[in-house]
Amino acid sequence: MTFDEVLAQVLTLLQRQGRVSYRALKRRFALDDDYLEDLKAEIIEAQRLAVDEEGRVLVWTGGASAASPPGGGVVPGSASTPPQATPASPAPAVHPPIAYTPRHLAERILAEQAALQARGAPDGERKTITALFADIKGSMELLEDLDPEDARRIIDPTLQLMMEAVHRYEGYVAQSLGDGIFALFGAPIAHEDHAHRAIYAALRMQEEAKRYAETLRREHGLSLHLRVGLNTGEVVVRSIQTDDLHTDYVPIGHSTSLAARMESLAAPGSILVSEHTYKLTEGYFEFKALGAAQVKGVSEPVQIYEVVGVGPLRTRLQVAARRGLACFVGRQHELEQMRRAFELAEAGHGQIVAIVGEPGVGKSRLCYEFKCLVERRCLILETFSVSHSKAYPYLPLIELLRHYFHITPQDDERRRHEQVMGKVLTLDRSLEGTLPYLLALLGVAESAAALAQMDPQIRRRRTFEAITRLLLRESLNQPLVVLIEDLHWLDSETEAFFNLLSERLATAHILLLANYRPEYQQAWGNKTYCTQLRLDPLEEAEAQELLAALLGDGMGLQALKRFILAKTEGNPFFIEEIVQTLFDRGILVRQPVGGGHKLTLTRPLAGLRLPPTVQGVLAARIDRLPADEKALLQTLAVIGKEFPWSLMAQVVDRPEAELLGLLAQLQAKELLYEQPAFPEPDYVFKHALTQEVAYHSLLLERRRLLHERTAQALEALCHDRLEEHASELAHHYRQSGNTVKAVEYLQLAGRQAIQRSAYAEATDQLTTALALLASLPDTPERRQQELALQMTLGPALMATKGYATPEVEQAYARARALCAQVGETAQLPRVLRGLRVFYFVRGELEAARDLGEQLFTLAQRQPAPPLLLEARWALGATLFYLGELVTARDHLEHGMALYEAHPQLSRVARYGEDPGVGCRGFAARTLWHLGYPEQALKRGYEAVTLAQGMAHPHSLAFALYHAAVVHQLRREVALTRERAEAVLTLSSQHGFALFSAVGTIMQGWTLVEDDEERIAVIRQGLAAYQATGAELGRPWILALLAEAYGQAGRVEEGLGILSEALTLVEQSGERCYEAELYRLKGELLWQQAQGRRRRGDVEAAVERCFRQALEIARRQQAKALELRAAVSLARLWQRRGKRRQARQVLAEVYDWCIEGFDTADLKDAKALLEELG
């Protein structure tokens, strides 16, 4: 910011708060000492708007702002500073309302008077309002011993905080009553949600009063308490005097007097409301029923309720509904389908209803209408995502839990803890174990700290399970409707949770209701309990009905209606927006006629350029705004779809009173709406497209400036929790062109995503960061930063795309080049490991071996257990596939020993799977080949158990896959299927492309009852495997496929597959299964020869295959494959009458075996030996 911008913001802050410490200014605006001295000189000496107090505090002396109540000093209700006892000005009671009504409210009140006059209502207008009375309990006793001036110093700040609370929610302070106030909500400024605003104001004044009372207790030993009463009723507003804002009104019935009686009955520090107010706000706030009381002047007892706090109903859709919705037309068929789904869920047959449609067709409105139908029969939990929701993992889940636990923004940690603990334990004490995960997600620091050291994937899984258990248990008490709005903007983590929840619904009393745009692809469509509703534009008759509700049935408007129908094509949102636009532009006006009015076109439609799409409508509306309003709307569009007052006030360079006035205009035009909240309101664009159009109407340079200002403001406001806003800050800095900052926050966001195992999000963020970094000058610092980004990106790419994709190679190859350029040696082992994994899975085993040996050499030069473990694992796995089994086993066993000796060597976050799991998985397969099937099984189980203990999905998928391979090698169909299905389930949940492919291959091998399906599934898995770039293990996979072809009688195709596999062996050097390939070739050649009269040449070829298999297996010391080759050769010789030779060749290897005699291979061998005698 420029000096002038900083100066303006400091003056605004100082004028609003009255006193600001220099320390606060330095922290808030990042000022150094010289900058602060320049500001002091300008404010104190040049402009004479403040004075210095003891060299520590700046005190405002420039007079009250237009929005300040009398009494000077601090404006009450500031989030950071409680009201201070200050010298008093004349009592508010002697001032007319204009003296203490903020300018923006005064303008709206005067506009209301002008509207009253324009509508020709000389006798006034009937309005429903909520009246609020507030006073200091026992003020006479409190102040009786004080000097009058001292008393005023106590009372005035209290009145100030009362009035500030009323004005914040746009109420009207009708009277100041000495020690209290009387205010109206809903008149003279009309608000449909006046009752909600009145209660928010009451809560705010009680909160601020508690802070102020604590100051009084410390400084004066006084005890101060407010009491507040509210009632909703009707008044007739007769006139508003333009000179002093005094309003003449006539209460109807007990509308105001009942509020006064509620106040008098309230206990100190409490808020009481009548039944009228309670019924309007039930659910929005928490109430405690106090029973009926006899009230003077009212014949019947009055039900009274105490306001306990903010309630659960506070979503944007609910606020929009309270503002007033257009007539709901059509959609009866869809509502009926939703009702039937709900009844099934109510009966314990969980359902999913997915509503898909283009923007504006009424998805949210349909959900709203459905909720109205069933809300008394169930518990409705709703959440939503926003257009930039992918940058905020878990936000919709957090909102869902806040809704369920009735947690509001003002709740502190203790309160949140109590809310969650109480509800969970009341629901079911067996859920106690879920509390740490629920509390951590809701921001309770103690729980978050306790889980900080837990593996992110474990924490993620357990958090999902905790929420799922909570919802399922709640559904036993009452049916649940879980509503997710705008699924197309959902972040991947929340999406993963709802996908998990969808799997658990079948027998639950839960209806999962979601809406989204057509471009989104949800994963539930194939479930039998999912109903997908496609919303199309309204039929012509329905669109006519909506237009009749908006415009009436006048015959003179038929041409206009046809024009609108042609432009909108039945999209209800388009229809409503065009009608609103016509009114805004004065093309369509309401003219009084008798006791009503009629609509009239002021000029012909010919030549009028009405937008063909809603974007056009919104753009035209924005262009018609006065310059100041349009500029503000565009600025707000840059900030985002929804934003708090504090952020907006920092970004928008306008005085507070002026800003509030412009906001009021935009709200009046229904471009924005204010969402009442506590302690400050939020502002929301009525439609996301409004924001998009306003945003794109800005010139690029202006957009960049505003993005930069927004990011700086966000940093200032959230300086102590920047990591929570990393993605949002990255977005703003990227759009501002501040590449350095954008890369910084993208890198932070990427690291956070990896820690949560949100690899897809991490990949997007890190690749974006790299693209931006490339635009910066090539400096050593840039290269160092790029190296860190590439190293962080590598594991994310491996998890999402597979180990052998070109992107993985590019990331690590670039990292290797950068290591050389910057002289970085510490990162080189990680780079070499990443490249080794790429070449290894790619099937380029010699390159992988070379890199493994480089790692081993580095580890020997600088002894370090992590590096040595890495090298042992790398070489063991590579040598296994090269067929050097004994050496492979040695490396893997050394690796396991290192891991056991140094438990801290688990490095799942960096490598993608745990090295202890990795060594055991490959050791299991190596041991089977070497002829130790029981030891292989043991190592496989160890790998799975270890992975399950850390609950790291990628490690578990790895372990389960290798365990499945061991079972397949042992020819155990059922156990192989069990492991394969576990791999597939895990891969589906977490998006593991490579493990999904190999799991499919394993599953296909188990389909022994249907040869053709078996072939098809194995081929499907192989295609998916190769799509990830993987070639490792393809000879073995082709062997499985060839065997399946042989069993299906498709021998020629099987032999073709084996020929491809043997060629691949020669090309890649992957020889661990070479012996089996030759054995299978011999078996298929023999099968092919059956039925031929002359088989001599074939028998010779078969024998050569078996002998070659035997020779290769012996050379590799692969006793398991040697046994299979010996069995095949012995059977051939048995058929040819060479029983002695057959027994000799088989007995030699069988007698060597020391374990696994219950496996299929050894049973076959034993049976054959017995046949051979």
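The values are calculated or read from the model by the stated rules, or taken from the named source; none is laboratory data. Bear in mind the structure is a predicted one, so any value in this text is a computation, not a measurement. Quick reminder, even Gly has a Cβ in these numbers, built from the backbone with ideal geometry, and neighbours come from all protein chains shown.
For the reader, a short list of remarks on this structure follows.
- Members of the range 775-786 that are touching a helix residue (DSSP H, G or I) at 6+ places or on another chain (Cβ under 8 Å) and over 11 Å from Gln747 (Cα atoms): Ser775, Leu776, Pro780, Arg782, Arg783, Gln784
- Number of positions in the range 399-414 that are farther than 16 Å from Arg204 by Cα and in a loop (DSSP other than H, G, I, E, B): 2
- In the set (1) at pLDDT below 95; (2) crowded, with 23+ Cβ neighbours inside 10 Å, Leu1121 fails one condition alone, (1).
- Neighbours by Cβ (under 6 Å, 6+ apart or cross-chain): first from the range 701-720, farther than 12 Å from Ala649 by Cα; second hydroxyl-bearing (Ser, Thr, Tyr): Arg704/Ser736; Leu706/Thr635; His707/Ser736; Glu708/Ser736; Ala711/Tyr733
Here's the yes/no breakdown for (1) among the acidic types (Asp, Glu); (2) not in a loop (DSSP other than H, G, I, E, B):
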| position | (1), (2) |
| --- | --- |
| Pro795 | no, yes |
| Ala804 | no, no |
| Glu807 | yes, yes |
| Ala813 | no, yes |
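- Counted residues, the range 282-299 - those being buried (at least 20 other Cβ atoms within 10 Å of the Cβ) and more than 30 Å from Ser223 (Cβ to Cβ): 1
- Within the range 1075-1095, the presence of a residue that is free of Cβ contacts under 8 Å to residues at least 12 places away in the same chain and either in a helix (DSSP H, G or I) or not assigned by TED's automatic domain parsing to the domain that holds Glu1053 (or both) is excluded.
- Among the residues of the range 773-787, those identified as surrounded by fewer than 19 Cβ atoms within 10 Å (Cβ to Cβ) and assigned to a helix (DSSP H, G or I) are Pro780, Glu781, Arg782, Arg783, Gln784.
- Subset of the range 523-550 (residues that are in contact (Cβ under 8 Å) with a residue 24 or more places away in the chain, in a loop (DSSP other than H, G, I, E, B) and not small (Gly, Ala, Ser)): Trp524, Lys527, Tyr529, Asp536, Pro537, Leu538, Glu539
Residue-by-condition table, conditions (1) surrounded by 20 or more Cβ atoms within 10 Å (Cβ to Cβ); (2) assigned to a helix (DSSP H, G or I):
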residue: Ala631; (1), (2): no, yes
residue: Asp653; (1), (2): no, no
residue: Ala657; (1), (2): no, yes
residue: Gly661; (1), (2): yes, yes
residue: Gln665; (1), (2): yes, yes
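- Unmet criterion (only one of (1) of a type outside the set (Ser, Thr, Tyr); (2) buried (at least 17 other Cβ atoms within 10 Å of the Cβ); (3) free of Cβ contacts under 8 Å to residues at least 40 places away in the same chain) for Leu1132: (3)
- Being at pLDDT below 90, out of contact with any helix residue (DSSP H, G or I) (no Cβ under 7 Å at 6 or more places or on another chain), farther than 22 Å from Ile407 by Cβ and not assigned by TED's automatic domain parsing to the domain that holds Tyr404 holds for only one residue in Gln294, Gln318, and it is Gln294.
- Residues satisfying the stated conditions in the range 485-519, i.e. buried (at least 19 other Cβ atoms within 10 Å of the Cβ), touching a Phe, Trp or Tyr at 6+ places or on another chain (Cβ under 7 Å) and among the small types (Gly, Ala, Ser): Ser502
Yes/no matrix, rows are residues, columns are (1) assigned by TED's automatic domain parsing to the domain that holds Leu960; (2) touching a Phe, Trp or Tyr at 6+ places or on another chain (Cβ under 6 Å); (3) modelled with pLDDT of 90 or more; (4) not charged (D, E, K, R):
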| residue | (1), (2), (3), (4) |
| --- | --- |
| Pro866 | yes, no, no, yes |
| Gly883 | yes, no, yes, yes |
| Glu900 | yes, no, no, no |
| Ala909 | yes, no, no, yes |
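- Selection count, the range 582-607, where residues are within 14 Å of Gly552 (Cβ to Cβ), touching a helix residue (DSSP H, G or I) at 6+ places or on another chain (Cβ under 6 Å) and at pLDDT below 75: 0
- From the list Leu400, Leu344, the lone residue that is within 20 Å of Arg504 (Cα to Cα) and buried (at least 19 other Cβ atoms within 10 Å of the Cβ) is Leu400.
- With respect to the stated conditions, Leu31 is of a type outside the set (S, T, N, Q), at pLDDT 75 or above and assigned to a loop (DSSP other than H, G, I, E, B).
- Filter pass, Glu1103 being out of contact with any helix residue (DSSP H, G or I) (no Cβ under 9 Å at 6 or more places or on another chain), surrounded by fewer than 21 Cβ atoms within 10 Å (Cβ to Cβ) and in a helix (DSSP H, G or I): no
- Members of the range 608-629 that are at pLDDT 70 or above and either part of a helix (DSSP H, G or I) or surrounded by fewer than 20 Cβ atoms within 10 Å (Cβ to Cβ) (or both): Pro626, Asp628, Glu629
- The selection criterion, being part of a helix (DSSP H, G or I), modelled with pLDDT under 70 and either over 39 Å from the mean Cα position of the chain (by Cα) or not assigned by TED's automatic domain parsing to the domain that holds Ser274 (or both), does not hold for Leu146.
- Restricting the first member to the range 809-825 and to residues that are polar (S, T, N, Q), and the second to residues that are at pLDDT 85 or above, the beta-carbon pairs closer than 6 Å and six or more apart or on different chains are Gln821/Arg783.
- Residue count for the range 997-1014 under the criterion of being in a helix (DSSP H, G or I) and surrounded by 22 or more Cβ atoms within 10 Å (Cβ to Cβ): the result is 10.
Each row is one residue, and each column tells you yes or no for (1) touching a helix residue (DSSP H, G or I) at 6+ places or on another chain (Cβ under 7 Å); (2) in a helix (DSSP H, G or I); (3) assigned by TED's automatic domain parsing to the domain that holds Phe285.
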| site | (1), (2), (3) |
| --- | --- |
| Glu343 | no, yes, no |
| Val356 | no, no, no |
| Cys367 | no, yes, no |
| Leu373 | yes, yes, no |
| Leu438 | yes, yes, no |
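- Residue match in the range 1022-1044 (condition: over 47 Å from the mean Cα position of the chain (by Cα), in a helix (DSSP H, G or I), farther than 24 Å from Trp928 by Cα and without any contact (Cβ under 8 Å) to a residue 60 or more places away in the chain): no
- Residue among Thr825, Thr926, Thr878, Thr887 that alone is surrounded by fewer than 24 Cβ atoms within 10 Å (Cβ to Cβ) and modelled with pLDDT of 85 or more: Thr887
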